[in-house]
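Participant: This is the structure I want to talk about, given as C-alpha coordinates.
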Amino acid sequence: MSDVLEFLNYENPNYDAIPDIPLYMDQLLDYLNTQMNPLLRKGEDGIFTKTMINNYAKSKVIEPPEKKKYKRSTIADLILVYHLKQCFSLQDTQALLEIFKEDASYYADFSQAQKDILDNIAQDYRHLLST
(Lines give C-alpha, C1' and ligand atoms only; values in the text may rest on other atoms or scores of the structure.)
Protein backbone atom coordinates (compact mmCIF):
# COMPACT_ATOMS: atom_id res chain seq x y z
CA MET A 1 0.00 0.00 0.00
CA SER A 2 2.77 2.49 0.86
CA ASP A 3 4.47 1.69 -2.48
CA VAL A 4 1.29 2.73 -4.27
CA LEU A 5 1.07 6.00 -2.37
CA GLU A 6 4.77 6.69 -2.90
CA PHE A 7 4.26 6.16 -6.63
CA LEU A 8 1.14 8.34 -6.68
CA ASN A 9 2.95 11.12 -4.79
CA TYR A 10 5.88 11.13 -7.21
CA GLU A 11 6.69 14.41 -8.94
CA ASN A 12 9.23 14.91 -11.70
CA PRO A 13 12.12 17.10 -10.62
CA ASN A 14 11.57 20.75 -11.40
CA TYR A 15 13.48 21.69 -14.56
CA ASP A 16 15.65 24.13 -12.61
CA ALA A 17 16.57 21.33 -10.17
CA ILE A 18 17.98 19.20 -13.00
CA PRO A 19 21.76 19.64 -13.05
CA ASP A 20 22.80 22.51 -15.28
CA ILE A 21 26.24 21.03 -15.78
CA PRO A 22 26.61 18.27 -18.35
CA LEU A 23 26.77 14.78 -16.85
CA TYR A 24 28.77 11.76 -17.91
CA MET A 25 26.83 8.52 -18.37
CA ASP A 26 27.51 7.15 -14.87
CA GLN A 27 26.55 10.48 -13.29
CA LEU A 28 23.43 10.58 -15.45
CA LEU A 29 22.40 7.08 -14.40
CA ASP A 30 23.01 7.89 -10.72
CA TYR A 31 20.96 11.08 -11.00
CA LEU A 32 18.03 9.47 -12.81
CA ASN A 33 17.94 6.41 -10.59
CA THR A 34 18.01 8.58 -7.46
CA GLN A 35 15.36 11.02 -8.66
CA MET A 36 13.05 8.39 -10.09
CA ASN A 37 13.56 5.66 -7.49
CA PRO A 38 9.89 5.68 -6.34
CA LEU A 39 8.92 4.55 -9.84
CA LEU A 40 11.05 1.40 -9.78
CA ARG A 41 9.14 -1.83 -9.99
CA LYS A 42 10.15 -4.70 -7.78
CA GLY A 43 13.01 -6.65 -9.30
CA GLU A 44 14.22 -3.83 -11.55
CA ASP A 45 17.85 -2.81 -11.22
CA GLY A 46 17.33 0.78 -12.29
CA ILE A 47 15.30 3.23 -14.28
CA PHE A 48 17.68 3.24 -17.25
CA THR A 49 20.72 1.32 -18.42
CA LYS A 50 23.65 2.57 -20.47
CA THR A 51 22.43 0.49 -23.38
CA MET A 52 18.96 1.99 -23.25
CA ILE A 53 20.26 5.55 -23.22
CA ASN A 54 22.72 4.82 -26.03
CA ASN A 55 19.89 3.31 -28.08
CA TYR A 56 17.69 6.37 -27.48
CA ALA A 57 20.52 8.60 -28.70
CA LYS A 58 21.21 6.41 -31.77
CA SER A 59 17.49 6.35 -32.59
CA LYS A 60 17.40 10.15 -32.23
CA VAL A 61 14.77 9.98 -29.48
CA ILE A 62 17.13 12.14 -27.41
CA GLU A 63 20.04 14.34 -28.41
CA PRO A 64 23.33 12.49 -28.43
CA PRO A 65 25.85 13.51 -25.79
CA GLU A 66 28.39 16.22 -26.51
CA LYS A 67 31.87 14.99 -25.63
CA LYS A 68 30.22 12.08 -23.76
CA LYS A 69 28.22 14.48 -21.57
CA TYR A 70 24.45 14.87 -21.39
CA LYS A 71 23.00 18.35 -20.96
CA ARG A 72 20.02 19.45 -18.87
CA SER A 73 17.49 19.40 -21.72
CA THR A 74 18.47 15.84 -22.61
CA ILE A 75 18.11 14.76 -18.98
CA ALA A 76 14.62 16.28 -18.94
CA ASP A 77 13.81 14.45 -22.17
CA LEU A 78 14.96 11.16 -20.63
CA ILE A 79 12.60 11.69 -17.71
CA LEU A 80 9.73 12.13 -20.16
CA VAL A 81 10.90 9.16 -22.23
CA TYR A 82 10.71 6.99 -19.13
CA HIS A 83 7.06 7.91 -18.59
CA LEU A 84 6.07 7.71 -22.25
CA LYS A 85 7.76 4.36 -22.89
CA GLN A 86 5.41 2.77 -20.38
CA CYS A 87 2.55 3.29 -22.84
CA PHE A 88 3.99 4.03 -26.26
CA SER A 89 6.39 2.46 -28.72
CA LEU A 90 9.81 4.02 -29.20
CA GLN A 91 8.69 5.57 -32.49
CA ASP A 92 5.55 7.03 -30.89
CA THR A 93 7.59 8.32 -27.96
CA GLN A 94 9.95 10.06 -30.37
CA ALA A 95 7.01 11.59 -32.29
CA LEU A 96 5.37 12.79 -29.07
CA LEU A 97 8.58 14.39 -27.84
CA GLU A 98 8.94 16.23 -31.15
CA ILE A 99 5.39 17.57 -30.80
CA PHE A 100 5.92 18.51 -27.14
CA LYS A 101 9.13 20.37 -27.95
CA GLU A 102 7.23 22.81 -30.15
CA ASP A 103 6.34 24.53 -26.86
CA ALA A 104 9.25 25.82 -24.76
CA SER A 105 7.52 24.85 -21.53
CA TYR A 106 6.90 21.24 -22.61
CA TYR A 107 8.72 19.67 -19.65
CA ALA A 108 6.91 21.78 -17.04
CA ASP A 109 3.55 21.30 -18.79
CA PHE A 110 4.00 17.51 -19.00
CA SER A 111 5.13 17.34 -15.37
CA GLN A 112 2.15 19.39 -14.18
CA ALA A 113 -0.33 17.30 -16.17
CA GLN A 114 1.21 14.13 -14.77
CA LYS A 115 1.05 15.53 -11.22
CA ASP A 116 -2.61 16.50 -11.65
CA ILE A 117 -3.49 13.00 -12.89
CA LEU A 118 -1.58 11.27 -10.09
CA ASP A 119 -3.17 13.61 -7.51
CA ASN A 120 -6.65 12.65 -8.75
CA ILE A 121 -5.83 8.95 -8.65
CA ALA A 122 -4.31 9.30 -5.16
CA GLN A 123 -7.42 11.08 -3.93
CA ASP A 124 -9.63 8.28 -5.28
CA TYR A 125 -7.28 5.66 -3.81
CA ARG A 126 -7.33 7.27 -0.35
CA HIS A 127 -11.13 7.51 -0.56
CA LEU A 128 -11.37 3.79 -1.34
CA LEU A 129 -9.09 2.96 1.59
CA SER A 130 -11.20 4.99 4.00
CA THR A 131 -14.48 3.26 3.06
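The values are calculated or read from the model by the stated rules, or taken from the named source; none is laboratory data. A quick note: this is a predicted structure, and the numbers were derived from the prediction, not measured. We place every Cβ from the backbone using ideal geometry, glycine too, and count neighbours over all the protein chains shown. Surface accessibility is based on the protein's heavy atoms, side chains included, excluding ligands, DNA and RNA. Shrake-Rupley method; radii C 1.70, N 1.55, O 1.52, S 1.80 Å.
Participant: Once you put a point 7 Å from the Cα of residue 90 and another 7 Å from the Cα of residue 123, both along the Cβ direction, what distance in nm separates them?
Facilitator: 3.9
Participant: Straight-line reach from residue 58: which lysines fall under 20 Å, measuring Cα to Cα and dropping same-chain residues less than 8 apart?
Facilitator: Cα-Cα hits under 20 Å: 50, 67, 68, 69, 71, 85, 101.
Participant: In terms of modelled amide H atoms, which long-range or inter-chain residues lie less than 5 Å from the amide H of residue 70?
Facilitator: Those lying under 5 Å, H to H, from residue 70 are 23, 24.
Participant: Please give the length that would be gained between residue 41 and residue 100 if that part of the chain were fully extended, namely 0.36 nm times their separation in residues minus their C-alpha to C-alpha distance (nm, one decimal).
Facilitator: 18.6 nm
Participant: Same structure again: Could you work out the relative contact order of the chain, using alpha carbon pairs under 8 angstrom and six or more residues apart, expressed as a whole percent?
Facilitator: RCO, the chain: 33 percent.
Participant: Same structure again: Given the DSSP H assignment, sum -39500 (n - 2.57) over each helix run of at least 4 residues in the chain and divide by its residue total; what's the result at 222 nm in deg cm²/dmol, nearest 500?
Facilitator: Mean residue ellipticity, 222 nm, calculated: -18500 deg cm²/dmol.
Participant: If you don't mind, another one. What percent does the relative contact order of region 1-78 come to when contacts are Cα pairs within less than 8 Å and at least six residues apart?
Facilitator: Here the relative contact order equals 38 percent.
Participant: Using only the Cα atoms, what convex hull volume per residue in Å³ does the chain have?
Facilitator: 114
Participant: Considering only the other residues whose Cβ falls under 11 Å of the Cβ of residue 73, what net charge follows from Lys and Arg at +1 and Asp and Glu at -1?
Facilitator: Once positives and negatives cancel, what remains is 0.
Participant: How much length is gained on full extension from residue 108 to residue 83, taking 0.36 nm per residue of separation minus their Cα-Cα distance?
Facilitator: Values: separation 25, 0.36 × 25 = 9.00 nm, distance 1.40 nm.
Full extension of this stretch gives 7.6 nm more.
Participant: Between residue 50 and residue 33, what length comes free when the chain is fully extended (0.36 nm per residue of separation minus the Cα-Cα distance, one decimal in nm)?
Facilitator: 4.9 nm
Participant: Before I look further, what does the chain give for accessible area per residue, probe 1.4 Å, in whole square angstrom? All intermediate terms of the calculation are to be shown ahead of the outcome.
Facilitator: On the way: 8210 Å² over 131 residues.
In whole numbers, the chain has 63 Å² accessible per residue.
Participant: With the full set of protein chains in place, find how many percent of the accessible area of the chain is carbon and sulfur; take the probe as 1.4 Å.
Facilitator: The computed percentage sits at 53.
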